[in-house]
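These notes concern the structure reproduced below.
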Amino acid sequence: MDNFWDERFSADEYIYGKEPNEFFRQQIEKLAPGRLLLLAEGEGRNAVFAAKLGWLVDAIDISENAKLKALKLARENNVEINYQVADLQTFNIPAETYDAVGIFFLHVPDETAELITQNAVGSLKPGGKLITEVFEKDQITKTSGGPKDAELLYSLEDIVRYYKPLDFDLFSKETITLSEGRLHQGEAIVIQFIGIKQKP
């Protein structure tokens, strides 16, 4: 899988663009900057945007090429991000460390998704927010991005199961128009979710 993503990110072009995911942008701008974790961050567009707002950003992805492009984008924007290349199935994410966690278009088999989301929830400080946008099952009919395997797309029930420890702040299935580089273009069917970790 890492070879797949290294090859995909090998082009000079930023295949998902240099601008942040729109849902992420809307939500992160509402929060006071703190410490942020971005999982499967790819070419760094969300990490760099958050760093420009004053967030301390930790980013993780499986692709070395993605990291190189993300660090280049950070330099272009005169910000610093902490970017690690790692497999999210085995990476030890520290508990109760982050004020916010972002997961965008991470599409993996169910058992892997469950493990990663559990670790993400565990990494939030009490009161912290998890922000995610993923392709919903009906995206299989669209050409705007995402895997062509229905098993790798999400249902609303999946999200409920993964994030049940959190208080649901926003949870919806939406039809949106994506304009994120070459590979995310056009009408898309997504799930948008924000969850808050309860304070003791």
Check your understanding: Once a ≥ b ≥ c are taken as the square roots of the eigenvalues of the Cα gyration tensor of the chain, is the result rounded (a/c under 1.5), prolate (a/b larger than b/c) or oblate (a/b not larger than b/c)?
Key -> rounded
Review point. For segment 1-112, what ratio Rg/Rh do Cα atoms give with a Kirkwood hydrodynamic radius?
Key: 0.94
Review point. Taking Rh as the Kirkwood radius computed over C-alpha pairs, what is the Stokes-Einstein D of segment 108-159 at 25 °C in a medium of viscosity 0.890 mPa s, expressed in µm² per second?
Key: 199 µm²/s
Review point. In the chain, what % of DSSP beta bridges are antiparallel (nearest 5)?
Key: 50 percent
Point to revise | lysines with Cα under 18 Å of residue 173, excluding same-chain neighbours fewer than 8 positions away | key: 137, 142, 164
Check your understanding: Is the shape of segment 89-200 rounded, prolate or oblate, going by the alpha carbon gyration tensor and its root eigenvalues a ≥ b ≥ c, with a/c under 1.5 for rounded and a/b larger than b/c for prolate?
Key -> prolate
Point to revise | Over 26 Å between alpha carbons, listed pairs 30/199; 69/199; 69/197; 72/125; 52/129 | key: 69/199; 69/197; 72/125
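All of the numbers you see were taken from the coordinates with simple rules; none came from a lab. Bear in mind the structure is a predicted one, so any value in this text is a computation, not a measurement.
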